[in-house]
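A.B. asks: Shown below is the structure under consideration.
The values are calculated or read from the model by the stated rules, or taken from the named source; none is laboratory data. Note that the structure is predicted; figures quoted are calculated from it, not measured. Neighbour counts run over all protein chains shown; Cβ positions are idealised from the backbone, glycine included. Side chains included, ligands, DNA and RNA excluded: accessible areas come from the protein's heavy atoms. Shrake-Rupley method; radii C 1.70, N 1.55, O 1.52, S 1.80 Å.
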Amino acid sequence: MHGVVYAAVAAGSFRRYATYRIATVAGVFTNTVFGFIVAYTYLALWAERPHLGGYDQAQALTFVWTGQALLATAALMGGGGLDELQERIRSGDIAVDLYRPADLQLWWLAADLGRAGLQLIGRGVVPMAVGALAFPLALPGDALTWGCFLLSVLFGVLVSFALRYLVALASFWLLDGSGLAMISGLACLFFTGMVLPLRVFPGGFGEAVQLLPWAAVLQVPADVLMGVRSGDGLVRGLVFQAGWAVALLALGRLVQSAATRKVVVHGG
């Protein structure tokens, strides 16, 4: 029965975001324009440093457009609907949510998956298609790689949700969680590889950032799409993502349990 409820929540969230057609079109335009700006920047960088980070020029450009396709899907700049949860905690409306015969974390996870699905279709496909028409991208030609990429994107969205959910839950203790949300968004942009692929960073720092959970959100899916991860490397990448998703979702349940026991609702 609960599975039906969460499926309905996901479907409702999909329909809700589908109604914002002007916002979706504006987002597609913004992602596409920004994609061109970053793509030409990468062209200049890779012209000076060929095979930087182990990528050739086509792979570097593919990374750019994958990032634009997943920018809204994986909420790489934060938010993604969980800012609403923060506001409900601050205002005290969260008390209503806690009375629902449904798990708080699973409810918001279902809503986020519905949002991510719409954003992948609405704001992901078109920028990627435009990028493929304008530049020589290293896109796979087989359905299996595309399927693995979509599975990797799903795991990335789960990790992204888990991180954002922890930030939202911090509002149970903070009078204003906007500062933490901003810091989290900036960390996400840098450590996912949205600014530069994590493989570009040298030495121990480069190795360390690829072990952080943010790497599961963009770096791994992009590498799967480009075929950089294949065979055992592909399996390790998916296990890496799934491991962080399970660990962070479990941590979120612990924090949620502590927060609801505390029952400190600011402003309510």
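A.B. asks: Net charge around Thr62, counting only other residues with Cβ within less than 12 Å of its Cβ (Lys, Arg = +1; Asp, Glu = -1)? Each step should come with its number before you reach the end.
C.D. replies: On the way: positive: none; negative: Asp56, Asp223.
Net charge in that neighbourhood comes out at -2.
A.B. asks: Right, next: Can you give the local net charge around Ala216? Use residues other than it whose beta-carbon is closer than 15 angstrom to its beta-carbon, Lys and Arg +1, Asp and Glu -1. Don't jump to the answer; show the numbers that get you there.
C.D. replies: Values: positive: Arg164, Arg199, Arg229, Arg236; negative: Asp223.
Here the count lands on +3.
A.B. asks: Heavy-atom accessible area of Phe149 with all protein chains present, probe 1.4 Å, nearest 10 Å²?
C.D. replies: Only protein atoms counted, so the area is about 20 Å².
A.B. asks: Here's a follow-up. Could you give the length gained on full extension between Leu151 and Glu207, defined as 0.36 nm per residue of separation minus the Cα-Cα distance, in nm? List each step's numbers first, then the result.
C.D. replies: Details: separation 56, 0.36 × 56 = 20.16 nm, distance 2.38 nm.
Contour length minus the Cα-Cα distance gives 17.8 nm.
A.B. asks: Moving to a separate point now. Can you tell me the FRET efficiency between Asp97 and Val195 if r is taken as the Cβ-Cβ distance and R0 is 51 Å, rounded to the nearest 0.05?
C.D. replies: Values: r = 35 Å, r/R0 = 0.69.
About 0.90, to the nearest 0.05.
A.B. asks: Here's something else I'd like to know. Taking just the alpha carbons, could you work out the radius of gyration and Dmax for region 1-133, both in angstroms?
C.D. replies: 18.6, 59
A.B. asks: Tell me, what is the 1.4 Å probe accessible area of Ser230, in Å² to the nearest 10?
C.D. replies: Ignoring ligands and nucleic acids, Ser230 comes out at about 80 Å².
A.B. asks: Hey, got the dipole for region 1-267? About the Cα centre, +1 on K and R Cβ, -1 on D and E Cβ, debye to the nearest 20?
C.D. replies: Working: 16 positive and 14 negative charges, 86 e Å.
Dipole size: approximately 420 debye.
A.B. asks: Calculated FRET efficiency, Ala247 and Leu106, Cβ-Cβ r, R0 22 Å, to nearest 0.05? Write down the numbers at each step before the final one.
C.D. replies: Working: r = 17 Å, r/R0 = 0.77.
Result of the calculation: an efficiency of 0.85.
A.B. asks: Would you calculate the separation in nanometres between label points at Asp142 and Ser230, each defined as 7 Å from the Cα along the Cα-to-beta-carbon direction?
C.D. replies: The answer from the label model is 0.7 nm.
A.B. asks: Of Tyr165, Tyr99, Tyr40, which has the most accessible area with a 1.4 Å probe, and how do the rest follow in descending order? Mind showing how you got there, number by number?
C.D. replies: Details: Tyr165 0, Tyr99 195, Tyr40 135 Å².
The most accessible residue leads, giving Tyr99, Tyr40, Tyr165.
A.B. asks: Over the chain, with the other protein chains present, what is the accessible area per residue in square angstrom, probe 1.4 angstrom?
C.D. replies: Details: 12560 Å² over 268 residues.
Heavy-atom accessible area per residue stands at 47 Å².
A.B. asks: While we're here: Can you give the Kirkwood hydrodynamic radius of region 128-215 from its Cα pairs, in Å with one decimal? Write down the numbers at each step before the final one.
C.D. replies: Values: mean 1/r = 0.0644 Å⁻¹.
In region 128-215 this quantity evaluates to 15.5 Å.
A.B. asks: Continuing with the same structure: Have a look at Leu218, Val195, Ser160 and report the one farthest towards the positive end of the charge dipole of the chain, computed about the Cα centre with Cβ charges (Lys/Arg +1, Asp/Glu -1).
C.D. replies: Ser160
A.B. asks: Also: When the accessible area of region 174-268 is split by element with a 1.4 Å probe, what percent falls to carbon and sulfur? If you can, show how the numbers build up before the last one.
C.D. replies: Numbers: 3270 of 4640 Å².
The nonpolar share, carbon plus sulfur, comes to 70 percent.
A.B. asks: Continuing with the same structure: Helix-only estimate, please: 222 nm mean residue ellipticity of the chain, summing -39500 (n - 2.57) across DSSP H runs of length 4 or more and dividing by its residues, to the nearest 500. List each step's numbers first, then the result.
C.D. replies: On the way: 12 runs with 187 residues, N = 268.
Here the helix-only value at 222 nm equals -23000 deg cm²/dmol.
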